[in-house]
Amino acid sequence: MSPAKTGSWPVTVIPGIPEPEALRDILDLVGDAEDADGNPPFSEQTLFELKSPHAGPHSVLTLLTHAPEENSPTEGEDLAGVAVVVLDGGEGVLEIAVHPNYRNEGVGSMLVDKLLAVRGLKGIKAWSHGDHEAAADLAASYGYRAIRELWRMRLVRQMPETPAAPVSHAAPDGVTLRTFVPHQDEAAWLAANAAAFAHHPEQGALTLADLQSRMKEPWFDPEGFFLAVDGSGEILGFHWTKVHPGRAGQSAMGEVYVVGVTPAAQGMGLGKTLTAQGIEYLQAQGLSAIMLYVDADNEPAVALYRKLGFTKWDADVMYGPVSAS
């Protein structure tokens, strides 16, 4: 069933990066939605694209709709919803965020209808972060179905009053664990990442600009970015951790941000060793909760994380057009 509409509100189309004031409004809406739902409505890559100095009409398209004054609980027009399409050639990924004050008003449909009018949906897939029923209904109303499921898994442990120092986990013979060195390891890590995630639609395509954008973020800490290297210094595997600050009454949380092992090093147990090393590091920071993302159909990774104590928390779902067949 398609979400009910209360009318059509004007939708502004912004090719490329929004102006600073519009970007502030978008980020405020994203924060309010995350506080209400417990998970961010946009992927990290989408937020980077919205702020990237390299972005333009070729890479990002933003649609905004404001609630008319008579529908707004505050003075003036509030930003009610935003849709962002991150573009890559003829392909694109759509994400939609609706402010909690304006849900069940048909805002998502207004934004998609405008996208249909100005670009169409050819080559577009869409993410629903948190697998909301309203998103499933909206997707179905435009002929989309679920095509991919990304789990969020979480590990929660009672922490002692004084966290212990991290344990150094033993690596296989001939392999050393060390931390990432900025301005030294970027190119080698990108090569290892591309090899480890050659078939991954997002992670394997990470560029130097993507890496540098993340290194500029307040959460970046090279001390939580572990590398497994061989005797010649070649990177065989890695575990990049991340810390999410507390917000809206929620405590800070660690993340197994990305774990990868190159094809040449498969079967050495590096994935488990690196994951355990990163978990020890995060817990030494006093973080009792640690989360991660993993594709639901990646059975070996899911099995490893379950053995380490992680359980499914919730899921993100990607939607794509129903096949003509």
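Observations on the structure shown:
- Top-ranked residue in the range 208-220 [being out of contact with any helix residue (DSSP H, G or I) (no Cβ under 7 Å at 6 or more places or on another chain) and either without any contact (Cβ under 8 Å) to a residue 40 or more places away in the chain or outside the structural domain of V181 (by TED's automatic domain parsing) (or both); ranked as surrounded by the fewest Cβ atoms within 10 Å (Cβ to Cβ)]: P218
- Residue, surrounded by the most Cβ atoms within 10 Å (Cβ to Cβ), within the range 298-325, restricted to residues that are part of a strand (DSSP E or B) and of a type in the set (A, V, I, L, M, F, W, C): V317
- So Y293, is it modelled with pLDDT of 95 or more and either not assigned by TED's automatic domain parsing to the domain that holds P40 or not in a helix (DSSP H, G or I) (or both): no
- Checked against the criterion of being within 27 Å of A117 (Cβ to Cβ) and either part of a loop (DSSP other than H, G, I, E, B) or not β-branched (V, I, T) (or both), the candidates I17, I26 yield just one match: I17.
- Test: residue in the range 194-202 that is in a loop (DSSP other than H, G, I, E, B), within 20 Å of N298 (Cα to Cα) and more than 18 Å from the chain's Cα centre (by Cα): yes
- In the set (1) closer than 28 Å to L150 by Cα; (2) aliphatic (A, V, I, L, M); (3) part of a helix (DSSP H, G or I); (4) in contact with a strand residue (DSSP E or B) (Cβ under 8 Å, 6 or more places away or on another chain), L94 fails one condition alone, (3).
- Considering residues of the range 21-38 that are touching a helix residue (DSSP H, G or I) at 6+ places or on another chain (Cβ under 9 Å) and surrounded by fewer than 17 Cβ atoms within 10 Å (Cβ to Cβ) only, the residue farthest from R154 (Cα to Cα): L23
- The set of residues from the range 221-264 being surrounded by fewer than 17 Cβ atoms within 10 Å (Cβ to Cβ) and either of a type in the set (A, V, I, L, M, F, W, C) or in the same structural domain as L47 (by TED's automatic domain parsing) (or both) comprises A248, A252, A264.
- Members of the range 11-25 that are out of contact with any Ser or Thr (no Cβ under 7 Å at 6 or more places or on another chain) and touching a residue at least 60 places away in the same chain (Cβ under 8 Å): V13
- Set A194, A205, A188: member being assigned by TED's automatic domain parsing to the domain that holds L308, more than 17 Å from T46 (Cβ to Cβ), without any contact (Cβ under 8 Å) to a residue 24 or more places away in the chain and surrounded by 13 or more Cβ atoms within 10 Å (Cβ to Cβ): A194
The values are calculated or read from the model by the stated rules, or taken from the named source; none is laboratory data. Because the structure is predicted, anything quoted here is derived from the model rather than measured. With ideal geometry, Cβ positions are generated from the backbone for all residues, glycine too; neighbour counts draw on all protein chains shown.
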